[in-house]
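Written out below as structure tokens is the structure these notes cover.
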Amino acid sequence: MLVNLDTKKIWFITGSQHLYGEETLKQVKEHSAEIVKGFNNSGKVVVEILDKGLATTTAEVTKLLSDANNDPQCIGVVAWMHTFSPAKMWINGLTQYKKPLCHLHTQFNAEIPWDSIDMDFMNLNQSAHGDREFGHMVTRLRIKRKVIAGHWKSEKVQEKLGVWSRVALGWDDWQGAKFARIGDNMREVAVTEGDKVEAQVRFGFSVNGYDSSDVVNEIKALEPTKVEALVKEYESSYNLMPSLLEGGEKRESLYEAARIELGLRAFLEKGGFKGYTDTFENLGELRQLPGIASQRLMADGYGFGAEGDWKTAALLRASKVMNIGLEKGTSFMEDYTYHFGAEKSYNLGSHMLEICPTIADDKPSCEIHPLGIGGKEDPVRLVFNGAKGPAINTTLVDMGNRFRMIVNEVEAVEPLADLPKLPVARVLQDPKPNLEISTEAWILAGGAHHTVYSQALTTEYMEDFAEMAGIELLVIDADTNIREFKDKLNSNEVYYHLFSNKL
Ligand code: MN
């Protein structure tokens, strides 16, 4: 498991005050406990929600939010105002609070009991105005948060809280995370670079450089039995092409690929890294560009970015954490080549090698082919088509004065024909609203050619994530219109010039 879910908790805090007497507060407490139980039993929220009781005074609010900050298990707070909780009481706590915040705007009671409703009922069920008082203060303090409105038993509300809980887990995973940039950057490439110091300030993870010899040293120290065992695992997991089978002319390359995977794993485990980048220009003594190694490491939850792309490696790692327990997969991706059809156009996503098999539609085949660049030995890779269905492509770019996230909603479709000579994993995509508008908007926004491609996550995840990170989000979806998109780019320039921490 990527993250030990038992060690992560969400805190549920219910706001109130002492105006209504002890009997009302007792009921408020009971209702909160029942709501927490309802969410925990919904199967939608990925970690346990802890009922942290009532906050009825400035001192209680401040202590609870300060404790939430300092508890390493707490990944975020859900706040709900069952009754009216004067929001000046929340200022001290909220100004100190640093973790993700979700404002649940619900009411314990669902339908109005028309025959029996009286002032006692009105005094108890008043989140309609209590939550507005709280919301005013959070907005006035310019604190980004998710607001979820609706009855707590409804599946939609539970799902939204479920999304937020996964995103909070991904955000928590970034805090203190380490990413290894092996061999620095592909020479002269711009978009894979960026301000690593600012990334650490804003996102909480660090990126540092390593040499390919750090991996090669691990390869040299490998026990041959482990290599043998991994080759057997390749044989049982994938369809091997004949030259890679026992006695085949490229059999030794399969062993070398296994050695590279084991060496990389040992390097990542020893260094406590959650992801890495490599680049085909700086492989040193590595005999192959890591292909099957990177593909399988991604499948195990490591972040990966090719050609030194540390932002995509980090975003992929967070996405893998958000993806925990969901059916479909997430991969590193590149917009590779287009199909301009008479009726409709498509984007073929792929990479030189490194596409994660969690998005495969079938058992991958394990193949070896020349790479054509880099001057190394032919690398072993997994080849497959991506599964059909809705997906998103997400990129994180450094605009010089801020980070920007861009999401494009796409539909993965079956390739229009077989691809007998294409020796890499690929997924044919129908971007929304169509290829032309999608790519015009993407390019105007300065989006990278590398993305995190996910069939498990939706735009809502990335929206929550961008808010937790306090960064700009641009969405390209079925409603995107280029003129409006340009206006959005212009207005965001002004907004982020005024409010970005990095000026
Ligand atoms: Mn690339």
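Remark: the range 171-279 carries a charge dipole of roughly 160 debye about the Cα centre, counting +1 on each Lys and Arg Cβ and -1 on each Asp and Glu Cβ. Charging the Cβ of each Asp and Glu at -1 and of each Lys and Arg at +1, and nothing else, the dipole of the range 75-152 about its Cα centre rounds to 900 debye. Computed from the Cβ-Cβ distance with R0 of 30 Å, the FRET efficiency linking residue 336 to residue 200 stands at 0.45. For residue 250, the lysines whose Cα falls under 30 Å of its own Cα, not counting residues fewer than eight places away in the same chain, are 220, 226, 232, 363, 376, 421. Between residue 376 and residue 328, the modelled label-to-label distance comes to 3.2 nm, taking each label 7 Å out from Cα in the direction of the beta carbon. As a proxy for reagent exposure, ranking 467, 246, 354 by other Cβ atoms within 10 Å from fewest up yields 246, 467, 354. Cα centroid separation, the range 162-177 to the range 431-459: 23 Å. Comparing Cα centroids, the range 76-96 and the range 325-347 end up 44 angstrom apart. For the chain, the longest principal axis of the C-alpha atoms and the axis of helix 310-322 are separated by about 60°. Relative to the longest principal axis of the Cα atoms of the chain, helix 22-40 runs at roughly 20 degrees.
The simple Förster model, with R0 at 56 Å and r as the Cβ-Cβ distance, assigns residue 112 and residue 414 a FRET efficiency of 0.65. What the Cβ-Cβ distance of residue 33 and residue 243 gives, at R0 = 56 Å and to the nearest 0.05, is a FRET efficiency of 0.30. Compared with the dominant Cα axis of the chain, that is its longest principal axis, helix 127-140 is turned about 60°.
Between the residues 31, 116, 78, the greatest Cα displacement towards the positive end of the dipole of the range 1-127, with unit charges on the Cβ of Lys, Arg, Asp and Glu, is found for 78.
Under a 5 Å amide H cut-off, with hydrogens placed 1.01 Å from N, residue 309 pairs with 278 among residues at least 5 apart or on other chains. Residue ranges 304-313, 81-90 sort as 304-313, 81-90 when ordered by packing (mean number of other C-beta atoms within 10 Å per residue, highest first).
Just so you know, all these numbers are worked out from the coordinates, no wet-lab data involved. Just so it is clear, the model here is predicted, and its values are computed rather than measured. Cβ coordinates were reconstructed from backbone atoms using ideal geometry, including for glycine residues, and neighbour counts include every protein chain displayed.
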